[in-house]
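The values are calculated or read from the model by the stated rules, or taken from the named source; none is laboratory data. Bear in mind the structure is a predicted one, so any value in this text is a computation, not a measurement. Ideal geometry is used to build each Cβ from the backbone, glycine not excepted, and the neighbour counts take in all protein chains shown. To get the accessible areas, we keep the full protein, side chains included, count just its heavy atoms, and leave off ligands, DNA and RNA. Shrake-Rupley method; radii C 1.70, N 1.55, O 1.52, S 1.80 Å.
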Amino acid sequence: MARSIRQSLRLMVGMPDYDVYLSHMAATHPDRPPMSYEAFFRERLEARYGAGKGRCC
């Protein structure tokens, strides 16, 4: 319950969820190394405010 509330609050303010990203990478792309938290956060900012790229699938 607390996790879903925390995730909802993060989504409301536009903060990316690194734990969800790591779970997605482990389940969907186990052959690829995940980005570091810093690289993930930078990529999410660029996807939101930058060039418009960001989806992996």
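Going by what's in this entry, would Asp31 be described as in contact with a Lys or Arg (Cβ under 6 Å, 6 or more places away or on another chain) and modelled with pLDDT of 80 or more?
Details: in contact with a Lys or Arg (Cβ under 6 Å, 6 or more places away or on another chain): no; modelled with pLDDT of 80 or more: yes.
Against the criterion (in contact with a Lys or Arg (Cβ under 6 Å, 6 or more places away or on another chain) and modelled with pLDDT of 80 or more), Asp31 does not qualify.
With the structure loaded, tell me whether Leu22 is part of a helix (DSSP H, G or I) and at pLDDT 90 or above or whether it fails that test.
Working: part of a helix (DSSP H, G or I): yes; at pLDDT 90 or above: yes.
Yes; evaluated as a whole, the condition is true for this residue.
From the set of residues in region 37-57 that are of a type in the set (Phe, Trp, Tyr) and open to solvent by 90 Å² or more (accessible area, probe 1.4 Å), which is modelled with the lowest pLDDT? Don't jump to the end; show me each part of the working.
Of all residues in region 37-57, those of a type in the set (Phe, Trp, Tyr) come to 37, 40-41, 49.
With the extra rule that they be open to solvent by 90 Å² or more (accessible area, probe 1.4 Å), the set shrinks to 37, 49.
Numbers: Tyr37: 92, Tyr49: 80.
Among those residues, the one meeting the criterion is Tyr49.
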